[in-house]
Amino acid sequence: MKNVMLVHGFNGVPKIYTYFKQKLEEKSYNVIIPEFPTKTNITIDGFFKVFDEYKDIFDNELIVIAHSIGNAMFIKYVSQNNLKVGLYISLAGFGKNFIVEGREDLNNVIAPITITTEEKEKFITLVKDRYSIYSNNDHIVPLEILQTFPEIIDSNSILIEGIGHMGKKSGLEQLPQVIEIVKNMEV
């Protein structure tokens, strides 16, 4: 049975993860949703401690779907620990700093998680297949940051219009494109 890890971001587990869990378990995947720190409790060390609990499942078969801040944390962890992953799907991922007006809580978390050139280069060699899904109406991450992320990590870029940040606020309940990517990897 293949493992799928769903990595959440700032506000915790997005609603869309319920859909992913259901659809992937129907296809006999073992879906793991770790509880990472949220909001102002987020630190790199805090995320790494949770990842450490699952270190033994990191291999060429592992599928990781990460949302928002969870992407940078995942990239840093894989790169710094030299871990292989089979498929990675980013939702609203970013690798550069940016400022969200009026959100110092969020800005304080984003500032230290910029992905370094060394981490990017190592990540590309460790993760076999990479996809980046983003929207044209994300209310958190600026579009130009979302558009450059796939280039940074050499991933397949997928723009889906009108799905926002794909977190709790967007109300997104289904994203069949993610399930299709996983299904196509089975072939």
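The values are calculated or read from the model by the stated rules, or taken from the named source; none is laboratory data. Bear in mind that the values here come from a model prediction, so they are computed numbers and not experimental data. Quick reminder, even Gly has a Cβ in these numbers, built from the backbone with ideal geometry, and neighbours come from all protein chains shown. Accessible surface is based on the protein model in full, side chains and every heavy atom, while ligands, DNA and RNA are left aside. Shrake-Rupley method; radii C 1.70, N 1.55, O 1.52, S 1.80 Å.
Computed quantities for the displayed model
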quantity: Solvent-accessible area, 1.4 Å probe, carbon plus sulfur percent, for the chain; calculated: 45 percent
quantity: Percent RCO, i.e. relative contact order, over region 1-153, from Cα pairs under 8 Å lying at least 6 residues apart; calculated: 23 percent
quantity: Filter on Lys39/Lys183; Lys23/Lys169; Lys84/Lys168; Lys23/Lys120; Lys23/Lys96 - keep pairs with C-alpha separation over 28 Å; calculated: Lys39/Lys183; Lys84/Lys168; Lys23/Lys120; Lys23/Lys96
quantity: Identified option (computed semi-axes √(5λ) of the Cα gyration tensor in Å; candidates (i) 22, 19, 16; (ii) 33, 24, 14; (iii) 45, 15, 13); calculated: (i)
quantity: Spatially proximal aspartates and glutamates relative to Lys27 (Cα-Cα < 12 Å; intrachain offsets below 8 disregarded); calculated: Glu180, Glu186
quantity: Under 5 Å, built H, 5+ apart or other chain: amide partners of Asp129; calculated: Leu87, Tyr88
quantity: Inter-probe distance in nm under a simple model that places probes 7 Å from Cα toward Cβ, at Asp59 and Met1; calculated: 1.5 nm
quantity: For region 36-49, 3J(HN,Hα) per residue [Karplus equation, 6.51 cos²θ - 1.76 cosθ + 1.60, θ = phi - 60°, Hz, x = Gly/Pro]; calculated: 8, x, 10, 6, 6, 8, 6, 9, 4, 4, x, 5, 4, 4
quantity: Integer Hz, Karplus 6.51/-1.76/1.60 couplings in order for region 71-88, x for Gly and Pro; calculated: 5, 4, 5, 5, 4, 4, 5, 4, 5, 6, 10, 6, 9, 8, 9, x, 9, 10
